[in-house]
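Scroll down for the structure; my scribbles are underneath it.
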Amino acid sequence: MTESNIARTSIIEEAWDQEHLVRKQETAERLPKSLSVRRKDFNTRRKSHKRRQSRAEETDSSLGSHWKQDIFSIQLPVMPLLAGWQTVTSRGNEKSVRILDCYLTLQTEVPIMNEEQRQELNPLIIKIKCASCLPSQPVPIDELERLCSPVYCRYQFYKTPVHETEGQPHGTHVHFQDINVILLGALSPSDLREYLEGPPMVVEVHDRDLKSEEYSRKPTLFGEDPLDACLNLQALISPKQTGHNPFESYNKKWNPYGVARVSFADLLLGHTYLNLFVPIHNCEAKPMSHGQDSRNRASRGHLQPGPMPMGNYLDANSLLKLRVDLAVPLRLRAEVLDQDLIGTQFGLIIFVFDSKNISLLHSLLQDITMINAKALDLDSYSLRSIQQILSAFKVRVKIEDQKDLDVLTGFHLLDGKFHLFILEGVADQALRQLWERHQSRMPAPEHGKYKVLYNSQLLFRHRLYTDLETILYHVLLFKPLASLLKHPQLYIRNAVPPDAFQALVRLHYICHHSTKLKDVVTRDLLPSSAMIKCLSQEFGMPISQEDLSDETLLALPRQTAPSLEDLRSQKLRLSSEIQSHQEKYLQWRHSMLQKNREHKNSMIQKNITEAYQVNKKSLKPVVKVIRMSAPVKDAVYNYSIQTLNSTELAKRELHREMAKTE
């Protein structure tokens, strides 16, 4: 019975009692006085009835406080309807007082999208099926289930909202029933193609997120809070990290997770479905400064625990199983893509060659200079003037906003062994012009290592290196890339900025292992402009335009080819020098052997030598030592006050000897 029904019943009963009382009074006036006793008994019974009724109301109110009204909700996923499903069923997971179990089903008579809409919108269906062989080390599964939240996955496809799956119970094999639908028809075809050809999509597998707990912090006076002791420390704010507030991330948790990289590049080949088994790797460790580490250690004991240790995903051979379905093959839309790509699309080219190839370096720099001078209307000046202008030219207007500006941007890296050029420009204009000029001057094979990575079909919507302030950014390393990567200090955490380390690793792989430009783009090996700047600050040396023309700095100086007569004269001069030196050596050797024989046969000289060696030895002075035997055999009384004390007897003997010398 609800509270409203109870109140309504009590009002009716009170009205009935009042009416009944009025009738009794009227009847009592008509009855004789002998019935007064009966009336008193009735009043007594009526009062006891009211007491019982009030007690019942108190009991109902106390029960009502425990059984309050609540709201039961259930979520119904509608994403499968876009995937072609006609029936969606969901079960309630929340607990309620009056509802034990609940199922909700939504059914449509026809699919929500017809065939024409499917052809136009082209839905991409991503199904995450399961995560197999999740690690049980270093934390066992039962501990993860007790301390951590349920297992879930998170990813973001292109610029769509971040998708997160429902949490599932912990185990070595976790199954998901997750469906995500992305309408590719609503995206730009060129942007979609660039995204599919680029780095893989990252899927985060969160299996060790600590359960969220609310840590109540009471207001304290200054000096009582553990952070007050750190306010005067220089480590609180590191000079390398002054752009953030160190107290913002004080109560924020960071939890390790697994990373699976999913590539959709095969969809461009005309496939309509992909069954993928992607290995799961460890995520990158959270960079932590010294000040943050000290604060966390100081407050970890009473505010929040530390993060869970990373799982051994590689040792456990963890895999993430996915299925990707596509309504319309992307190969059928190639004409639309090609029409959209015509215009302001950019290409990329990479040159790697030996530092001894000075002719190729000068010709490449000259081609880049002339192309940029023509785009900036500087081609009327001399080559040297153009080089000086471009070296001092600072890009104040973003080249990204002027897509019709036909200039070559990028950077040039030289380390003493290799020259590396990564250049970008308009695909059909400046970049193709540079490629055609380079084809006419291929270097000779004796000039050492040389390779060019170029793909005219690999196009981009935006430039990558517009934030380098100059059109062509030069970086001169004080050591070769291979030597820097062998340095052990490079692999100590926080010893080198992460951007500089990533730039070293990526550029080394491009120089020594990459063979195709598509592999470089797919594996995300192109360093960003921030990485190049950080690399120049950490390991770079200053370089000017005059240094680029100095052959002694860039490589070994070129030598003119000697004539045949010069070679003959050099050989004759060298042979004469060797012969004269050999004669001098033979004379010296003969004289030394003669002296050794004379010393060996002369007994007088031998005796003189031995006597001289004896005289050189220093004679050690003889020191007189007083020895005293114990008065009793096998008994020493060093700490006794008796006459047998060995120390006292030795002192007496020493005094006697000293008196004799006086």
Just the residues that are surrounded by fewer than 15 Cβ atoms within 10 Å (Cβ to Cβ) and hydroxyl-bearing (S, T, Y), please, taken from segment 104-139. T105, T108
Are any of the residues in segment 254-261 modelled with pLDDT under 85, farther than 30 Å from L82 by Cβ and in the same structural domain as I179 (by TED's automatic domain parsing)? yes
Enumerate the strands (runs of 3 or more DSSP E) found wholly within segment 73-144, keeping only those where 1 or more residues are under 17 Å from F176 (Cα atoms) and outside the structural domain of H173 (by TED's automatic domain parsing). 87-91
Could we say that S61 is surrounded by 10 or more Cβ atoms within 10 Å (Cβ to Cβ), over 47 Å from the mean Cα position of the chain (by Cα), at pLDDT below 85 and of a type in the set (S, T, Y) here? yes
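For segment 85-133, how many residues meet the condition of being touching a residue at least 60 places away in the same chain (Cβ under 8 Å) and out of contact with any Gly (no Cβ under 7 Å at 6 or more places or on another chain)?
13
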Which of the residues spanning segment 145-164 are closer than 17 Å to L322 by Cα and assigned to a strand (DSSP E or B)? V151, Y152, C153, R154, Y155, H163, E164
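Can you name every residue in segment 110-140 that is farther than 15 Å from I280 by Cβ and touching a Ser or Thr at 6+ places or on another chain (Cβ under 7 Å)? Spell out the reasoning first.
First pass over segment 110-140, keeping only residues farther than 15 Å from I280 by Cβ: 110-127, 138-140.
Selection gives nothing.
The values are calculated or read from the model by the stated rules, or taken from the named source; none is laboratory data. From a predicted model like this one, the values you see are computed outputs, not experimental measurements. Quick reminder, even Gly has a Cβ in these numbers, built from the backbone with ideal geometry, and neighbours come from all protein chains shown.
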